[in-house]
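Every read-out reported here was derived from the displayed coordinates using simple, explicitly stated rules and does not represent laboratory data. Note that the coordinates shown come from a computational prediction; the quantities given were computed from them, not determined experimentally. In this analysis, Cβ positions are derived from the backbone assuming ideal geometry, glycine residues included, and neighbour counts consider all displayed protein chains.
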Amino acid sequence: MSTHEHILSCRGLTKDFVLHTIDGRRVEALRGVDLDILPGEHVALAGSSGAGKSSLLKCIYRTYEPTSGSVVLRLRSGAEVDLPSLSDQEMAHLRGRDIGYVSQFLRAEPRRGPLDIVTRAGVSRGMDRATARDAAAVSLKRLNIEEKLWDVHASVLSGGEKQRINLAAGTISSPQLLLLDEPVSALDPANREAALELIGDLTSQGVAVLAVFHDIEAMERLASRIVLMRNGRVEMSGNPDLVLEVLTQGARV
Amino acid sequence: MSTPLLQQVIDRSAPIDDASPADLDVNFGLLDEYSKREIRRAILTAVAVPGYQVPFGSREMPVARGWGSGGLQISLAVVGPDDVVKVIDQGDDEGVNAVNLRRLIVSSTGIPESTTPEDSTLIQTRHRIPEDPLDERHTLILQVPVPEPLRGVERDMRELARMHAEADYARMWVSLYEDKVRNGVITRTTGYPCLVHGRYVIATTPIPRWDVPRLHQSRFLSLFGAGREKRIYAVPPHTDVEPLTFEDVPFEVEITPGAQCRSCGSSESFLVEVPATAAEGGGHWVCSDSDWCRRNRQRQHPSNGVEP
Amino acid sequence: MNNDWALKVASLGKIHGITDLRALEDTGPDIGTAKSALTGSIVAAWDVGFEVAPGEALGVIGESGSGKSTVMRCIAGDQSSTAGEVYLRSVDNGRTNVLDLDPSSRRRLRVADLAVVYQDPAEGLRLNVTAGGNIAEALTAAGWRHFGRIRDRAAELLERTEVPLSRMDDLVGTFSGGMRQRVQLAKALANEPPVVLLDEPTTGLDASVAAGVLDLIRNLLEETGVAAVVVSHDFAVIEMLTTRCVVMNHGRIVEAGLTDRLLEDPHHPYSQRLVGAARA
């Protein structure tokens, strides 16, 4: 199905929600998405809200269960697996190691300090504790999380700090494919800059990135390709300049 | 256990049609033959499963329950015409209860009595083991008020039965742990819990710790009878009896440094403290085993008879 | 990839009342009741199955009466089951259905193969015994006989569960609810069992205390590599502790999946209602 270079290859991916609480209403979030990503490629998803950008990320990560279609991921080992057909346990095992996901919000964590959270993320992905701790420190420093906050319970930190901790945890080890869902939405310009730089470095290390940003500037800066989505489908895919031009024209219309 | 001993119990289990010597006006050993047989069967089970509490149909006896009725039933069930009986109460042959029990056994069997272990075969006791070494000739019969060693940690009979059945003694260990934590030492003095033959935990009647090591790999048979609680258990000869204690908390017997018996001067027997009285002044120590003390004095002063 | 389970449950069922399998036909989520009109029996749980790997935590979520605690008690041996199989990797390398063991062998599993943390600490602890003594019970059951080492181990466990050592020799009955739960965790982990069942471990505690206990459980699960089953009606607990879970309703599993998927994309009508209620 996919050619051998691809890290990720989606074919005919659909997602329907059946809302039993509202008389079984059917909502179509994805209506057949085809998408390929190469190693080291940074693909930004663009489109208005409700176009299916987040749904696509979640269907790949299996936070949503795809209704039909295939999502083939090439693992570190070179093997290719169709993510929707994996068992829950197998999928849980791949998460973090071969496929990473950074959401807009820090997920439910015990009351731990930033350093602990990021270190544990590394350990859970197979790093030894000392290495993970060093990497966590570097990453937190890079994202301007002050050292005096490293052992403060993350729950009391600001939204922007939490978001950066989340990014640090999600990027501590390099997965084959990293899914980013508005990872810098709550950051002020200076911290946003540091976060974007970190994401840019990942791409140059060969990590394939599929990202959703709320602003065009981030896309312009990081994306090697932009995929425009509309109504649960890929409308257009190509060179950032080209797609952004269409996008901004669309906005002007 | 030695074969002759088992044989002895088995022989006695055989029906005896007319056991009474002509000069007794009661059946030999007071109990009817069917009662004796039932008690002997319980004893056989107890010997075969060392430390296991065998239920038996405890009879009404001419002594109140709680006054040695369990020990008495065992004595009367196993006594034969060739036996010589010794009965002690806390080491004393002359205690009122000991005297009464001895009289009852003697008058209902016609057998001789003695105070000296050397001359005795059947020794019924409340809360002591004689100081003299006992051997294959002796059967020690202990009166037991509370046969259940786990009574302090559990009251539910079914749960107790389960704990024994599964050798689940963790809670007994917890009680020893708690004792040591609270008091710095294990304070349990009498009736110290022991593991018999690596299987059942027993209450060693309330004998003092001093006597406990003498149950271990003993040459004599020990039978424990609880009349009120209707239980018989046994420690056969040459059986392991290990006091429950932690590896790093050695089991220790009662010793008061410097204490000596006021009568015989012994510091090598189990001594009990006699409280101070207005007439005699300060308290003092005497041997618990009165017959041993008497003979010890005789050995030292052969000319002197018995002191007042 | 992950055939390596520590606990495997298959077709587990519990019927209260007469065991007449016709009761299965008029009970369950589709009928909307666990009580059979036909036989009068209650199908507390039926056809329940899952596997849990070492280091993995599986959630069992549902409302009261959904059968989740019944499942836990049947696995633990606190309740007899009507049908099914339960395997532990530590017992005969997972080849023996522990439900077939005699009651005595079954109870012995609770020493070192399978630990339970109950909602009510009084069920897992003796309140009239000290914190250290409660742990000593688990250790002596496993053959520990050295007082000093028992003390050291108890202290280590209490430290790990964040119970001040100054309280080690206090009766558990004098402890607060949260502290009792920490002692219960310490006791459960005493013999390093490969499988731990947690039944509503934070329900009934004040919110701030519950959060602390939850943090502790999460840390312990991560650090010990134990296989855990977490029974709870509370999605926050399930979300914090587990990666996969099953949803129970009227005695049956109606849905199973990755925990984040169940929360964000629940399929079964009952799951959707449950998640909707939690989110409201």
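Pairs to check: B:Lys180/B:Lys230; A:Lys141/A:Lys162; C:Lys35/C:Lys68; A:Lys162/C:Lys187. Give those whose C-alpha atoms are more than 25 Å from each other in this structure. Could you put the intermediate results ahead of the total?
Working: B:Lys180/B:Lys230 32 Å; A:Lys141/A:Lys162 14 Å; C:Lys35/C:Lys68 16 Å; A:Lys162/C:Lys187 35 Å.
The pairs that break the limit, which is 25 Å between Cα atoms, are B:Lys180/B:Lys230; A:Lys162/C:Lys187.
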By average C-beta atoms within 10 angstrom, highest first, the peptides C:90-100, C:26-36, C:64-74, B:225-235: B:225-235, C:64-74, C:26-36, C:90-100
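How much mean residue ellipticity at 222 nm does chain A get from its helices, if each DSSP H run of length 4 or more adds -39500 (n - 2.57) and you divide by all residues, to the nearest 500 deg cm²/dmol? All intermediate terms of the calculation are to be shown ahead of the outcome.
On the way: 8 runs with 89 residues, N = 253.
About -10500 deg cm²/dmol.
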Segments B:287-299, A:184-196 sorted - mean Cβ within 10 Å per residue, highest first: B:287-299, A:184-196
Roughly speaking, what is the centre-to-centre gap between the stretch C:12-45 and the stretch C:148-186 when only Cα atoms are used, to the nearest Å? 42
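Quick check on the exposure proxy: order A:Val33, C:Val229 from fewest to most C-beta atoms within 10 angstrom. Could the numbers behind the result be given before it?
Numbers: A:Val33 24, C:Val229 27.
Placing the least packed residue first, the sequence is A:Val33, C:Val229.
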Taking alpha-carbon centroids only, the stretch A:191-231 lies from the stretch B:237-281 a number of Å equal to 86
Dipole check, chain B, charges on Cβ (K,R +1; D,E -1), about Cα centroid: among B:Leu76, B:Pro62, B:Leu30 the Cα furthest to the positive pole belongs to B:Pro62
Where the eigenvalues come from the Cα gyration tensor of chain B, what are the semi-axes √(5λ) of the equivalent ellipsoid, largest first, in whole Å? 30, 28, 17
Calculate the spin-label point distance for A:Arg76 paired with A:Asp23, positioning each point 7 Å from the Cα along the beta-carbon direction, and give it in nanometres. 5.1
Give me a comma-separated list of calculated 3J(HN,Hα) values for the stretch C:23-33, in order, Karplus coefficients 6.51, -1.76, 1.60 applied at θ = phi - 60°, integers in Hz, x for any Gly or Pro. 4, 5, 7, 10, 9, x, x, 5, 7, x, 7
About its Cα centre, chain C carries a charge dipole, from +1 on Lys and Arg Cβ atoms and -1 on Asp and Glu Cβ atoms, whose size in debye to the nearest 20 is 660
For chain B, calculate the relative contact order in percent as a whole number, restricting contacts to Cα pairs under 8 Å that are 6 or more residues apart. 19
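Go ahead and estimate [θ] at 222 nm for chain C from helices alone: -39,500 (n - 2.57) per DSSP H run with n ≥ 4, summed, over the residue count, rounded to 500.
Details: 10 runs with 103 residues, N = 280.
After summing the helix terms and dividing by the residues of chain C, the value is -11000 deg cm²/dmol.
Taking the number of other C-beta atoms within 10 Å as the exposure measure, put B:Glu113, A:Glu109 in order starting with the fewest.
On the way: B:Glu113 17, A:Glu109 20.
Going from least to most buried by this count: B:Glu113, A:Glu109.
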For the stretch B:256-301, size of Cβ-based charge dipole, Lys and Arg +1, Asp and Glu -1, in debye: 220
Given the C-alpha centroids of the stretch A:28-64 and the stretch B:46-86, what is the distance between them in whole angstrom? 88
Which one, C:Gly77, C:Ser105, C:Thr161, is farthest towards the positive end of the dipole of chain C when Lys and Arg carry +1 and Asp and Glu -1 on their Cβ? C:Ser105
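Averaged across the residues of A:16-25, what count of C-beta atoms belonging to other chains lies within 10 Å of each residue's C-beta?
3
I need to check one value: relative contact order of chain A, counting alpha carbon pairs closer than 8 Å and at least 6 residues apart, in percent.
Values: 493 pairs, mean separation 65.8, N = 253.
Reported relative contact order: 26 percent.
Find, to one decimal place in angstroms, the Kirkwood hydrodynamic radius of the stretch B:99-214, where the mean of 1/r is taken over every pair of different Cα atoms and then inverted. Write out the running numbers ahead of the final one.
Details: mean 1/r = 0.0607 Å⁻¹.
For the stretch B:99-214, inverting the mean 1/r across all distinct Cα pairs yields 16.5 Å.
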Once label points are set 7 Å from the Cα along Cα→Cβ at both C:Asp100 and C:Glu192, what is their separation, rounded to one decimal in nm? 3.0
Taking every residue of C:133-144, the Cβ atoms of other protein chains inside 10 Å of its Cβ average out to 5
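If you place +1 on the Cβ of every Lys and Arg, -1 on the Cβ of every Asp and Glu, and leave all else neutral, what size is the dipole of the stretch A:101-182 about its Cα centre, to the nearest 20 Debye? Don't skip to the answer; put the middle values down first.
On the way: 12 positive and 10 negative charges, 26 e Å.
Dipole size: approximately 120 debye.
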Counting only the backbone N, which residues of the stretch A:203-244 are under 13 Å from the spot 7 Å out from the Cα of A:Ser174 toward its beta-carbon? A:203-209
Quick one: Kirkwood hydrodynamic radius for chain A, alpha-carbon pairs, angstrom, one decimal? 18.7
Quickly work out the A:Glu235-to-C:Asp4 label distance, labels modelled 7 Å from Cα along the C-beta direction, and quote it in nm with one decimal. 4.9
Using θ = phi - 60° and the Karplus curve 6.51 cos²θ - 1.76 cosθ + 1.60, what whole-Hz ³J(HN,Hα) does each residue of the stretch A:222-234 get, with Gly and Pro shown as x? 9, 6, 8, 7, 10, 10, 9, 10, 8, 6, x, 9, 7
At q = 0.07, 0.10 Å⁻¹, what log₁₀ I(q)/I(0) does a Debye calculation on the Cα points of the protein assembly as shown give, no solvent, two decimals? -0.71, -1.07
When A:His214, C:His267 are arranged by how many other beta-carbons sit within 10 Å of their Cβ, fewest first, they go A:His214, C:His267
Can you find, among A:Val212, C:Leu21, B:Val235, the residue sitting farthest towards the positive end of the charge dipole of the protein assembly as shown, where Lys and Arg contribute +1 and Asp and Glu -1 at Cβ? A:Val212
Computed over the Cα atoms of the stretch B:256-301, the Rg and Dmax in Å are 10.9, 32
